[in-house]
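Everything below concerns the one structure shown next.
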RNA sequence: CGGGAUGUGGCGCAGUCAGGCAGCGCACCUGCUUUGGGAGCAGGGGGUCGGCGGUUCAAAUCCGCCCAUCCCGACCA
């Protein structure tokens, strides 16, 4: 294509409200424009990248035997009511009413619809099945942000597996794991598979594919020794052992005027690891006490995952006073019998501890947790800290910020059961199949690549998804020999299947170089009188800045080789 | 939903405190000169100053309400 005829609105300055690097670069490069918060238009350049990302995904899904289909984006409420998610999805689901007054939803995922189609499966001989689509999803995010990284309307590749038994699900899950590994490698993303929380999807296991980036929204704990990696929402660490302080036969009450925090109590001679932190939460309307070691943060997701509870939030101060007789800052669980008490494993066997006395301005010392507190449930409830020892091998864990580029779930039979899916097994008995679901956000993957592959001058697309693979930069468009050569190469390379961009704009060379670098075309051929006098043109790699003079007769071959090797990268 | 900030031409900004002709840079159009890293000169086009209401002789500017956008938090497959 000729640049002069294309719509590539590059900007010298990024919009003031764009902060994430991928957002700034995609807008400046003329790839995307915002329509409203969380909704972006894909301009021609952006759509080319989007299509290529989708195509890489499509090829790898096809390669594991998944079949592409396309489901409606708008669903009747009844489908979601049947699975129970009409209620549980809450405000995140877009809902609307048609002219007949019927409730409809805009699909945020498609387990229900897939399961309905699965009703036509009648025999174990029909299984396994893997179906996928690349389609628009709608989610009413409370806070869209960072350009394409978190939006309300986006293209997702979602796939679903249906198997007769757990072994089959394991197989489908592993096939997807393998496909995802290949997809992210081809996109130029170093995606780390990590153990994850299943959240609202439910199910027995899930793995997220995480790309390290400061623009991400998730923290991953990664072992520097053995390779253990997990989202901090479910990561565990070995607890650093603490020697118990001596304590008497019973807790001892002592005055602590004005002391309300762990830190303040620590300054009064009771280090955080010798304190019991008492949190009061409202869980589905009921009060519960949550106990942790003073230096350990509470991780709500772990509580939700372990108890299957729904709504969870810190209790109101008034309600805490009514139940315990004191305000936050002086709370403790000693002698409490009423609300259920959940304690983190790190408190097991601990004595000589300090905790609130449930009396403002008083604490208890010499507390033996198992002797003095009626713990109902011992759970892993704590967030891990950077540098803590790995639970597997003991080496230090590091916590890194990541973008969630993909997520795969073992769902189990929940949706199949809800939608009444069943097949007959070899013995003629009715069996409920088990399902998996697997997602990649296409636009988010694109933004993740932009986050990772750029420099001060702009984007640096991997050849596999570059909007154009090579740009022919004509330094002087009124220099006939330059334009003649550029035209010839444009046609020749295009005929050979290369995506060629011919910069034939009547602009100064500096502008053309800057634009080519901003939009991130990986290969550049600079054609100008200076080189042609020597019988050569300049060939530049965007990624490294490496440049070489190539004889005119050799140019087409050099470009074809570079494109071919670039396309192979990561495969 | 809580906290903070911002809305002035396509993009970046000044002007708002202290009411009085809507400005600057980039981009865009025309002409001339220039042309291997974001050119120079000259001329030109484009803005309901987020919206509604109020105060005033007069509102981008003061007051009230609303809306939108961004950031932090809450929340979130």
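The values are calculated or read from the model by the stated rules, or taken from the named source; none is laboratory data. Remember, predicted model here, so these are calculated numbers, not experimental data. All Cβ positions, even for glycine, are placed from backbone atoms using ideal geometry, and neighbour counts span all protein chains on display.
Residue count for the stretch A:496-532 under the criterion of being within 39 Å of the chain's Cα centre (by Cα) and in a helix (DSSP H, G or I): the result is 10.
Which is more than 28 Å from residue A:468 (Cβ to Cβ), at pLDDT 95 or above and over 25 Å from the mean Cα position of the chain (by Cα), of A:77, A:66, A:73, A:16? Show your work before the answer.
Details: A:66 fails: over 25 Å from the mean Cα position of the chain (by Cα); A:73 fails: over 25 Å from the mean Cα position of the chain (by Cα); A:16 fails: at pLDDT 95 or above.
None of the others qualify; the one that does is A:77.
The number of residues in the stretch A:522-558 being closer than 22 Å to residue A:484 by Cβ and touching a residue at least 60 places away in the same chain (Cβ under 8 Å) comes to 4. Please verify whether the stretch A:313-330 includes one or more residues that are assigned to a strand (DSSP E or B) and within 22 Å of residue A:236 (Cβ to Cβ). No, the conditions are met nowhere in the stretch A:313-330. Among A:263, A:288, which is the only one that is surrounded by 21 or more Cβ atoms within 10 Å (Cβ to Cβ) and assigned by TED's automatic domain parsing to the domain that holds residue A:348? Answer to the check: A:288.
Just one of the listed residues (A:383, A:356, A:349, A:366) is at positive phi and touching a strand residue (DSSP E or B) at 6+ places or on another chain (Cβ under 9 Å), namely A:366.
Kindly establish whether residue A:167 is free of Cβ contacts under 8 Å to residues at least 12 places away in the same chain and either surrounded by fewer than 21 Cβ atoms within 10 Å (Cβ to Cβ) or within 28 Å of residue A:229 (Cα to Cα) (or both). Yes; evaluated as a whole, the condition is true for this residue.
Among the candidates A:54, A:115, which residue alone is buried (at least 17 other Cβ atoms within 10 Å of the Cβ) and closer than 18 Å to residue A:414 by Cβ?
Values: A:54 fails: closer than 18 Å to residue A:414 by Cβ.
Going through A:54, A:115 in turn, the sole match is A:115.
Scan the stretch A:176-211 for residues that are out of contact with any helix residue (DSSP H, G or I) (no Cβ under 8 Å at 6 or more places or on another chain), surrounded by fewer than 21 Cβ atoms within 10 Å (Cβ to Cβ) and over 25 Å from residue A:83 (Cβ atoms) and the total you get is 6.
The single residue among A:478, A:427 that is over 30 Å from residue A:55 (Cβ atoms), at pLDDT below 95, more than 36 Å from the chain's Cα centre (by Cα) and surrounded by fewer than 19 Cβ atoms within 10 Å (Cβ to Cβ) turns out to be A:478. The condition (being modelled with pLDDT under 95, touching a helix residue (DSSP H, G or I) at 6+ places or on another chain (Cβ under 8 Å) and buried (at least 17 other Cβ atoms within 10 Å of the Cβ)) is satisfied by just one residue among A:89, A:61: A:89.
Show me the strands (runs of 3 or more DSSP E) found entirely inside the stretch A:362-454 where at least 1 residues are farther than 30 Å from residue A:336 by Cα and in contact with a helix residue (DSSP H, G or I) (Cβ under 8 Å, 6 or more places away or on another chain). Give the steps one after another, and end with the answer.
Numbers: elements: A:362-367, A:377-379, A:397-412, A:434-441.
Per the criteria, A:397-412, A:434-441.
Consider the stretch A:298-312 and keep the residues that are at pLDDT below 85 and outside any helix (DSSP H, G or I). The one that is farthest from RNA strand B (Cβ to nearest atom) is A:308.
Of all the residues in the stretch A:1-36, those that are more than 8 Å from RNA strand B (Cβ to nearest atom) and under 26 Å from residue A:486 (Cβ atoms) number 11. The requirement of being modelled with pLDDT under 95, at positive phi and within 13 Å of RNA strand B (Cβ to nearest atom) is fulfilled nowhere in the stretch A:187-198; no residue meets it. Going through (1) in contact (Cβ under 8 Å) with a residue 40 or more places away in the chain; (2) away from RNA strand B (no atom under 14 Å from the Cβ); (3) farther than 18 Å from residue A:157 by Cβ one by one, residue A:65 falls short only on (3). When each of A:163, A:158 is tested for being within 10 Å of RNA strand B (Cβ to nearest atom) and either touching a helix residue (DSSP H, G or I) at 6+ places or on another chain (Cβ under 7 Å) or more than 29 Å from residue A:236 (Cβ to Cβ) (or both), the lone residue that passes is A:158.
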